[in-house]
Number of protein chains: 2
Amino acid sequence: MSPKITTELLKQLRQVMKSPKYVQEPVQAYIVPSGDAHQSEYIAPCDCRRAFISGFDGSAGTAIVTEQHAAMWTDGRYFLQAAHQMDNNWTLMKMGLKDTPTQEDWLVSVLPEGSKVGVDPFIIPADQWKRMSKALRSAGHDLVPVKENLIDTIWTDCPQRPCKPLITLDLSYTGVSWRDKIVALRSKMAERKVLWFVVTALDEVAWLFNLRGSDVEYNPVFFAYAVIGMNTIRLFIDGDRMMDPAVREHLQLDSTLEPEFKIQVMPYGSILSELQALGAGLSPKEKVWLSDKASYALTEAIPKAYRYLTPYTPICIAKAVKNASETEGMRRAHIKDAVALCELFNWLEKEVVPKGTVTEIIAADKAEEFRSQQKDFVELSFATISSTGPNGAIIHYKPVPETNRTLSVNEIYLLDSGAQYKDGTTDVTRTMHFGTPSAYEKECFTYVLKGHIAVSAAIFPNGTKGHLLDSFARSALWDCGLDYLHGTGHGVGSFLNVHEGPCGISYKTFADEPLEAGMVVSDEPGYYEDGSFGIRIENVVLVIPAETKYNFKNRGSLTFEPLTLVPIQTKMIDVNLLTQKECDWVNDYHQKCREVIGAELERQGRHEALRWLIQETEPLVRVQ
Amino acid sequence: MSPKITTELLKQLRQVMKSPKYVQEPVQAYIVPSGDAHQSEYIAPCDCRRAFISGFDGSAGTAIVTEQHAAMWTDGRYFLQAAHQMDNNWTLMKMGLKDTPTQEDWLVSVLPEGSKVGVDPFIIPADQWKRMSKALRSAGHDLVPVKENLIDTIWTDCPQRPCKPLITLDLSYTGVSWRDKIVALRSKMAERKVLWFVVTALDEVAWLFNLRGSDVEYNPVFFAYAVIGMNTIRLFIDGDRMMDPAVREHLQLDSTLEPEFKIQVMPYGSILSELQALGAGLSPKEKVWLSDKASYALTEAIPKAYRYLTPYTPICIAKAVKNASETEGMRRAHIKDAVALCELFNWLEKEVVPKGTVTEIIAADKAEEFRSQQKDFVELSFATISSTGPNGAIIHYKPVPETNRTLSVNEIYLLDSGAQYKDGTTDVTRTMHFGTPSAYEKECFTYVLKGHIAVSAAIFPNGTKGHLLDSFARSALWDCGLDYLHGTGHGVGSFLNVHEGPCGISYKTFADEPLEAGMVVSDEPGYYEDGSFGIRIENVVLVIPAETKYNFKNRGSLTFEPLTLVPIQTKMIDVNLLTQKECDWVNDYHQKCREVIGAELERQGRHEALRWLIQETEPLVRVQ
């Protein structure tokens, strides 16, 4: 990796920061955040402005350019990568280290008195704007919105915003029609006494209208906004895609409909002016509901007195609770995914052991190939983490030619991968050894497994938040002085983003919503030994009601059902470290893999993979 | 309990709310919070203003009186009690129920336009003032500080503010001199670049100067403030107590000292004017450190630009980490406390079983009697919860003649009690059956015990916050659909308040500080069956370093050492529900009780109690 040379680019940026063509008054600093106008985690190439200006293309980072300086804030996952990708014009600000200043403090320390700090109001979330604006103001500076994105003005070969065709999902996939979703949303709006709801997150627009797209890699979403009133529906979307007869039919654009279900299609770029018009016409008590993470631009369009902001929208919460059709779809997707992985692991054992010619990249490609053979496969759900030996200890590793290692019988192999199928999204991690694991590797693997089981088998009251389960996943590791430095689980979408809110399992006590039957999360404890190996065992699990002996205060209880049905390598387990209950869990799980995935392998005529499955699901025996 | 008749009192209050003698402009509402000027949990009789005006004397509640209405907000623990103690003039606002308005919303709904809402600025914490003031202002009303407390103006027989003699603690108890504590505090101040520190919490003043008092029942504190500068120490305190030669000697008031350790003693009532003078004389960059829970009055005395507010003060954090002398003191206090309880339980078994003449109140008094026989006993650390049968299910129960039940061989007895000794503070709960417990009672008790052990034996990395351990205490109950509706543990002071911050073990994710070796918390899971029984098993435990097989990232690990050494009734345990590890924990714990408490009982010549101890600590045998 050689760094990007940014001298000329920074010179150009500093020019436009002073150019009356773009700014009313010169700005002494310009902030380039990571996100897009929808605060997406994954973004399209045209939105990779921070990577363009700096060269650093990690998933998290904020660049700030002043007349004299250029600085990049990023977190511990990316210190090395950022240092490699950026040239000397840039100062790396290592977030989380004690001496690293916050963006606000740094700005205050370098700016001349009474400076203006510019930012694209579409990219910065309203809550961040508020915090930063307050800090700057109290030091005598001003945060100002710069309408035109200044990076775009100097990015001559900026790729076009994608505008790919849409996929319509019928009731067999979604379980609920978009009309019924609108009805439910309006009833939530009535409960909270709001008259308008602005949908800004891409996965929320996609979910609401039962449409999918491919504008952003790995995420089946499309660029759009929606504004839902009690009697109106406005969809802001560009391109020919609304000309597609299937889409017109799906949205009933050409039918005679009750007016409250008539969708008005408007240009994507008109959202701001439409919201401003809406905001200007509001009368007292007419509230507009927005996520508090919506962009500053859209939030400001609604006068403060009329805004109703919440951390999670009703769509976010409804989307997280999968209905029967979605649950069935998720089950089907995970069966197909397991078939692909049984094929892959069988193939790996045949290739790695005698030949030693499989690299991390070849293994990742092979996994994709097997997945793509499955019905309704659309694309991967994230960049495959295919890592062997020391690469496994890099939690967010993605093999590239420079780092690509060959799988061998001497190293642990970790594969974290998943796919988008039309009926569901998958995300699974398995850790394998193709030779003979050491006692220490088995010991660590077994602690991770105990943590995985402790979460998966946990029974907990209705209303429990996921973060209360996080320590269960760590307890066996903690007992021996071990731990892992990431959360235990995230929400998973239904043929949608592989990471979604509002629930999760983490020691970080973010404002997660209580777990409910129908929610889907990952269960993925791990252990990483820098320079040696990485271990992670990840299933996607469904929250289901639990039968309990008693029922305190009639609250009811919940537990998890694994949707992922891929064998956990028994060779890696030190059976004597398991309790009988844990041993039974593994055997029951493998029995289910054998039955469910075995039947599907049989049906698909994949006999070699079936043989592999049977061999890998032999019951454990605990000698006491 | 008959309600207090408040018609006349409310009439008088409404008069002073309009009287130019007390208010610049009439206030249309007056807020009477629970606390005192130090935001204490336990308060002196002269501060029980809310109880005086309403009759409701629970520990939590806020009264608001308008020209037309009188309303009381309290939480679920007190719905019944408040309803019984208040007359028809009052409306009970049940906090936590969906339809109960917040104080702000209610005020907005009942007040005429442009109203003034008065409150004593010394009683309301600054953070609460901010929230309420903002809500009222946005509805066109004003929150105004009323200097003279309006309740005090009508409370003709208001008790005097206590001003009891002080106790000086020498180094053998405190381990660190007050001079060294001041030095450490100043170094924390220098780190944060603040020049002044205002000590407002009573236990923080007491801890800092190695003094104790008895102005508030159960809490060995005294009314005082302190203001620490880099070169000055001001102690605001009333009464003759500064004439006591022992106190003068302890504080070196009459010695020739370096000026930075010279304590200026000032009247308690002069804190506000002194702070205002300090605030007026500050120059840029001279910051003053206050808790964000300090009163609005004191916070306002410092101009906003000069305030440095934190949720926990450096004293609060230093106080929580017990040094070797304090730890030894806590150990001694718990040994004496265990002696008293062995005496009590032995006496109860002799009295309850054959005679049936012991009531909850008699048992509580007897417990106090036995404790008072121990060296350095000062007082109880909270009102004893002595409850049998259904009373045990009332979590904050305190026996009074109207509810007093007689202990019997047919009911579970729960005793939650503790004391202040000069060397430490105790808090212990034991649940006993004097006859034959039912299988169900044993089952529930055993789940609670499993939770108690899971916390007590937990090993966790340095830097872990207590709330991450809460679920360990519940897991066994959750497995069977059971739970308890309170936190698992609180910080405990060293001959100081029985509840102290900044750490705890709770599912409520308040901003707790990470656990550190030397911190002392309670471990007290429970199970309560309304109308039948209550179970709680509580030890006070010390955070200690743990030896582990590995040491991830060199972080080190922690665990707990029980300070409480009182047998857990084995009769209540269903041994077959315990794992071998849990069984070993109980046997090891009882072995330690036998050794440590046995030796002390022997030394004190308490042979009957020793016999009881030996009988109660017979090892459990698990039949597999």
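The values are calculated or read from the model by the stated rules, or taken from the named source; none is laboratory data. Note that the structure is a prediction, hence the values are computed from the model and not measured. We place every Cβ from the backbone using ideal geometry, glycine too, and count neighbours over all the protein chains shown. For the accessible areas, the whole protein counts, side chains as well, though only heavy atoms, and no ligand, DNA or RNA atoms are used. Shrake-Rupley method; radii C 1.70, N 1.55, O 1.52, S 1.80 Å.
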Original post:
Say each of A:E328 and B:R331 gets a label point 7 Å from the Cα, pointing the same way as Cα to Cβ; how far apart are those two points in nm?
Top reply: 6.6
**OP:** May I ask you to derive the relative contact order of segment A:518-624, considering only C-alpha pairs under 8 Å and at least 6 residues apart, and to give it as an integer percent?
**Re:** 21
**OP:** First measure r as the distance between the Cβ atoms of A:T232 and A:S19, then evaluate 1/(1 + (r/R0)^6) with R0 = 45 Å and state the FRET efficiency to the nearest 0.05.
**Re:** 0.65
Original post:
Based on DSSP H runs of at least 4 residues, each adding -39500 (n - 2.57), what is the mean residue ellipticity at 222 nm of the protein assembly as shown after dividing by all its residues, to the nearest 500 deg cm²/dmol?
Top reply: -10000 deg cm²/dmol
Original post:
Using the alpha-carbon atoms, what tilt in degrees (0 to 90, nearest 10) does helix B:580-592 show relative to the longest principal axis of chain B?
Top reply: 80
Subject >> Helix B:360-372 axis, angle to chain B major axis (alpha carbon atoms, nearest 10°) >> reply: 90
Original post:
Which value, in Å², gives the accessible area per residue of chain A when a 1.4 Å probe is used on the protein heavy atoms?
Top reply: 40
**OP:** With all protein chains present, calculate the accessible area of B:E608 using a 1.4 Å probe and round the result to the nearest 10 Å².
**Re:** 90
**OP:** Take peptides A:415-422, A:171-178 and line them up by average Cβ neighbours within 10 Å, highest first, as a rough protection proxy.
**Re:** A:415-422, A:171-178
Original post:
Just the Cα atoms of chain B, one point each, no solvent: what log10 I(q)/I(0) does Debye give at q = 0.05, 0.07, 0.08, 0.09 Å⁻¹?
Top reply: -0.24, -0.48, -0.63, -0.80
Subject >> Loop sites in segment B:362-457: GluC sites (Glu not before Pro), DSSP, at most 11 other Cβ within 10 Å >> reply: B:E402
Original post:
Any idea what the B:E217 label distances to the other copies are, label 7 Å down the Cα→Cβ vector, nm, shortest first?
Top reply: 7.0
**OP:** For helix A:607-616, report the angle its Cα long axis makes with the longest principal axis of the Cα atoms of chain A; keep it between 0 and 90° and round to the nearest 10°.
**Re:** 80
Original post:
Using 1/(1 + (r/R0)^6) with R0 = 30 angstrom and r between the beta carbons of A:D57 and A:D530, what's the FRET efficiency to the nearest 0.05?
Top reply: 0.80
Original post:
For segment A:379-423 and segment B:434-469, what is the separation of their C-alpha centers, rounded to whole Å?
Top reply: 41
**OP:** Grab the other residues whose beta carbon is less than 12 angstrom from that of A:F495, score K and R as +1, D and E as -1, and report the net.
**Re:** -1
**OP:** Please get the size of the charge dipole for the protein assembly as shown, origin at its Cα centre, with Cβ charges of +1 on Lys and Arg and -1 on Asp and Glu, quoted in debye to the nearest 20.
**Re:** 1700
Original post:
In square angstrom, rounded to the nearest 10, how much accessible surface does B:F56 have for a 1.4 Å probe?
Top reply: 0
Subject >> Nearest-20 debye value, chain A charge dipole, Cβ charges on Lys, Arg, Asp, Glu >> reply: 1340
Original post:
Once a ≥ b ≥ c are taken as the square roots of the eigenvalues of the Cα gyration tensor of segment A:353-462, is the result rounded (a/c under 1.5), prolate (a/b larger than b/c) or oblate (a/b not larger than b/c)?
Top reply: oblate
Original post:
For segment A:6-153, what relative contact order do you get, as a whole percent, if you take Cα pairs closer than 8 Å and at least 6 residues apart?
Top reply: 26
Subject >> Net charge over other residues, Cβ less than 14 angstrom from the Cβ of A:N391 (K, R count +1; D, E count -1) >> reply: -3
Subject >> Positive-end extreme of charge dipole, segment B:321-616 - chosen from B:Q580, B:Y527, B:G481 (charges on Cβ) >> reply: B:Q580
Original post:
Given the protein chains as shown and a 1.4 Å probe, how many square angstrom of B:I43 are accessible, to the nearest 10?
Top reply: 50
**OP:** Mind listing the long-range amide H neighbours of A:K465? Cut-off is under 5 Å, sequence gap 5 or more, other chains count too, H placed in the peptide plane at 1.01 Å from N.
**Re:** A:L515
Subject >> Proximal charge balance of A:V353 [Cβ under 14 Å; K/R count +1, D/E count -1] >> reply: 0
Subject >> Relative contact order for chain B, counting Cα pairs under 8 Å that sit 6 or more residues apart, in percent >> reply: 10
Subject >> Greater than 25 Å apart at Cα, pairs in B:K366/B:K581; B:K366/B:K422; A:K508/B:K287 >> reply: B:K366/B:K581; A:K508/B:K287
**OP:** Using Cα centres only, tell me the gap between segment B:144-213 and segment A:1-78 in whole Å.
**Re:** 51
Subject >> Signed unit charges on C-beta, dipole axis of segment B:207-326, positive-most listed residue B:N231, B:A324, B:V288 >> reply: B:V288
Subject >> Spread of Cα-to-Cα distances over 5 Å intervals beginning at zero, given as percent, for segment A:321-616 >> reply: 1, 6, 12, 17, 20, 19, 14, 8, 3, 1, 0, 0, 0
Original post:
Placing a label point 7 Å from Cα toward Cβ, how far apart in nm is B:S59 from its equivalents in the other copies, listed shortest first to one decimal?
Top reply: 4.5
Original post:
FRET efficiency for A:T579 and B:N576, Cβ-Cβ distance as r, R0 = 22 Å, nearest 0.05?
Top reply: 0.90
**OP:** Can you find, among A:L275, A:P259, A:I335, the residue farthest towards the positive end of the dipole of segment A:223-349? Put +1 on the C-beta of Lys and Arg, -1 on that of Asp and Glu.
**Re:** A:L275
Original post:
log10 I(q)/I(0), Debye, Cα-only the protein assembly as shown, no solvent, q = 0.04, 0.05, 0.08 Å⁻¹?
Top reply: -0.26, -0.42, -1.12
**OP:** Using a/c under 1.5 as the rounded threshold, could you call segment A:6-153 rounded, prolate or oblate? The axes a ≥ b ≥ c are square roots of the C-alpha gyration tensor eigenvalues, and prolate needs a/b larger than b/c, oblate otherwise.
**Re:** rounded
Original post:
Within segment A:307-391, which trypsin sites (Lys or Arg not before Pro) sit in a loop by DSSP and count at most 15 neighbouring Cβ atoms inside 10 Å?
Top reply: A:K375
Subject >> By accessible area with a 1.4 Å probe, ligands and nucleic acids excluded, highest first: order of B:Y527, A:Y550 >> reply: A:Y550, B:Y527
Subject >> B:L309 paired with B:A599, simple spin-label distance in nm, labels 7 Å along Cα-to-beta-carbon >> reply: 5.1
**OP:** Report the extension gain between B:H396 and B:E148 in nm, rounded to one decimal, defined as 0.36 nm multiplied by the number of residues separating them, less their alpha carbon distance.
**Re:** 85.9 nm
Original post:
According to a simple spin-label model (label point 7 Å from Cα along Cα-to-Cβ), what is the distance in nm between B:E608 and A:E516?
Top reply: 6.1
Original post:
How far is the Cα center of segment A:277-340 from the Cα center of segment B:483-557, in Å?
Top reply: 38
Original post:
Where the label is 7 Å out from Cα toward Cβ, how close does B:I544 come to the same position in every other copy, in nm, shortest first?
Top reply: 4.4
Original post:
Carbon and sulfur together cover what percent of the accessible area of chain B at a 1.4 Å probe radius?
Top reply: 52
